[in-house]
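Trainee: Got a structure for you, questions after.
The values are calculated or read from the model by the stated rules, or taken from the named source; none is laboratory data. The shown structure was predicted, so the numbers you read here are calculated from the model rather than taken from an experiment. Cβ coordinates were reconstructed from backbone atoms using ideal geometry, including for glycine residues, and neighbour counts include every protein chain displayed. Note: areas computed on protein heavy atoms with side chains; ligands, DNA, RNA excluded. Shrake-Rupley method; radii C 1.70, N 1.55, O 1.52, S 1.80 Å.
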Amino acid sequence: MECRVLSIQSHVVRGYVGNKSATFPLQVLGFEVDSINSVQFSNHTGYGHWKGQVLTAEELNVLYEGIKLNNVNHYDYILTGYSRDTSFLETVVDIIKELKGTNPKLVYVCDPVMGDQGAMYVPENLLPVYRDKVVPLADILTPNQFEAELLTGRKINSVEDAIEVMDLLHKMGPETVVLTSTDLPSTRGDQFLVTMGSQKTVKPDGTNTTQKICIDIPKVDAVFVGTGDLFAAMLLAWTHHHPNDLKSACEKTASVMHHVIKRTIKYATEMAGPGKRPNAAQLELRMVQSKADIEKPDVVVEARIIQMKNQ
């Protein structure tokens, strides 16, 4: 049976962000992807200039109505990323509710893109929509530390805080929560970034179990755009292949990221030349060149299971 994803994200003509970051890797892994572009820009906003259009809630509705009229509105997954308008986001909520009604097994993967490093880069009135309407519908949630803190109203200063925040997010709805990046110190030193995850599953005997994991990911001294979108897409794909094993799914996701970023920084550094920092165009993800790594990632990033005191 084919597996079909509805991906509602941004689109760029040049480069990789939003749907451009998610579609090709998912297709390589065998998923059919239907894309709705929330914005269409010439390139991502990290360049000196960008031009483009923003899709309105009404236009989103028109596109969805067309799909519905042809009776092809059956999806196995929904993936959402960047949105900067409350009416657009609320329309997305309506679409998700309707599609979950059509297919109760549908899995919604939500990247609640709101900000990073203590600053919001979407209007503040999106927060209550995410917290009260979007997150309760999500099955898989991929916030960074700042977004997780916004959604729960709790600060993360330790591993224990992170575990508490993930548990609070579980109570809001999602069965799988991955904190894609945190400021927590790695046990392997300051050259590593800490990612944490938590998955609640129901055993065959009906009892609940939770797997919590921690991953140390090697840092790269450069700013990449579209990596969060790639992470959410890969987590969708690998949780599909490893539905009750967050450790394996996250190891493959993080390993894909590592291979793509490594290839990208090598290319960008060569293009920039000795002693020069690569520019935004040179740092665009080397996605097509990483096709083999996306299909069969060599697992180079390992996750460790966090033993809970009450388990």
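Trainee: Please find, among K262, K276, the residue that is open to solvent by 30 Å² or more (accessible area, probe 1.4 Å), farther than 22 Å from T176 by Cβ, modelled with pLDDT of 95 or more and assigned to a loop (DSSP other than H, G, I, E, B).
Mentor: Working: K262 fails: assigned to a loop (DSSP other than H, G, I, E, B).
When all the criteria are applied, what remains is K276.
Trainee: Please specify each residue of segment 36-68 satisfying the condition of being β-branched (V, I, T) and open to solvent by 80 Å² or more (accessible area, probe 1.4 Å). Write out each step before concluding.
Mentor: Here is the first cut: in segment 36-68, the residues β-branched (V, I, T) are 36, 39, 45, 54, 56, 62, 67.
Hits for segment 36-68 are V54, V62.
Results for (1) within 20 Å of F146 (Cα to Cα); (2) open to solvent by less than 10 Å² (accessible area, probe 1.4 Å); (3) within 17 Å of the chain's Cα centre (by Cα), shown as yes or no for each residue.
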residue: T210; (1), (2), (3): no, no, no
residue: I215; (1), (2), (3): yes, yes, yes
residue: G228; (1), (2), (3): yes, no, yes
residue: A232; (1), (2), (3): yes, yes, yes
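Trainee: Continuing with the same structure: Has segment 124-134 got any residue that is closer than 22 Å to C214 by Cβ and aromatic (F, W, Y)? Talk me through it step by step, then tell me what you get.
Mentor: Step one: filter segment 124-134 for residues closer than 22 Å to C214 by Cβ, giving none.
No; the residues of segment 124-134 include none that is closer than 22 Å to C214 by Cβ and aromatic (F, W, Y).
Trainee: Additional query: Across segment 284-300, what is the total count of residues that are in contact (Cβ under 8 Å) with a residue 40 or more places away in the chain and either in a loop (DSSP other than H, G, I, E, B) or among the β-branched types (V, I, T) (or both)? Outline the logic, then answer.
Mentor: Going residue by residue through segment 284-300, those that are in contact (Cβ under 8 Å) with a residue 40 or more places away in the chain are 284-285, 287-288, 291, 294-295, 297-300.
Adding the requirement that they be either in a loop (DSSP other than H, G, I, E, B) or among the β-branched types (V, I, T) (or both) leaves 284-285, 287-288, 294, 297-300.
Number of matching residues: 9.
Trainee: N73 passes all but one of (1) closer than 30 Å to N279 by Cβ; (2) in a loop (DSSP other than H, G, I, E, B); which number fails?
Mentor: Result: N73 passes all but (1).
Trainee: If I ask for residues that are out of contact with any Phe, Trp or Tyr (no Cβ under 7 Å at 6 or more places or on another chain), open to solvent by less than 20 Å² (accessible area, probe 1.4 Å), in a strand (DSSP E or B) and hydrophobic (A, V, I, L, M, F, W, C), which ones from segment 103-125 would you list?
Mentor: Correct list: C110 only.
Trainee: Ok, one more. What pairs come out if I take residues in segment 168-183 that are in a helix (DSSP H, G or I) and pair them with residues that are of a type in the set (S, T, N, Q) whose C-beta lies under 7 Å away, six or more apart or interchain?
Mentor: Once the first residue is in a helix (DSSP H, G or I) and sits in segment 168-183, its partners that are of a type in the set (S, T, N, Q) give L168/T152; L169/T152; H170/S198.
Trainee: What tally of residues in segment 126-176 results from selecting those that are open to solvent by 20 Å² or more (accessible area, probe 1.4 Å) and hydroxyl-bearing (S, T, Y)?
Mentor: Looking only at that region, the number is 2.
Trainee: List, please: which pairs have Cβ atoms under 7 Å, are six or more places apart or on different chains, and start with a residue in segment 113-140 that is within 23 Å of L236 (Cα to Cα) and among the acidic types (D, E) and end with one that is in a helix (DSSP H, G or I) and open to solvent by 10 Å² or more (accessible area, probe 1.4 Å)?
Mentor: Within 7 Å, the pairs are D116/F146.
Trainee: Okay, moving on. Which is in contact (Cβ under 8 Å) with a residue 12 or more places away in the chain, open to solvent by less than 80 Å² (accessible area, probe 1.4 Å) and under 15 Å from the mean Cα position of the chain (by Cα), of A222, A281, A303, A249? Lay out the reasoning, then the answer.
Mentor: On the way: A222 fails: under 15 Å from the mean Cα position of the chain (by Cα); A281 fails: under 15 Å from the mean Cα position of the chain (by Cα); A303 fails: under 15 Å from the mean Cα position of the chain (by Cα).
Among A222, A281, A303, A249, only A249 is in contact (Cβ under 8 Å) with a residue 12 or more places away in the chain, open to solvent by less than 80 Å² (accessible area, probe 1.4 Å) and under 15 Å from the mean Cα position of the chain (by Cα).
Trainee: All but one of (1) more than 28 Å from A249 (Cα to Cα); (2) assigned to a helix (DSSP H, G or I) hold for R84, so report the exception by its number.
Mentor: So R84 meets the others, but not (2).
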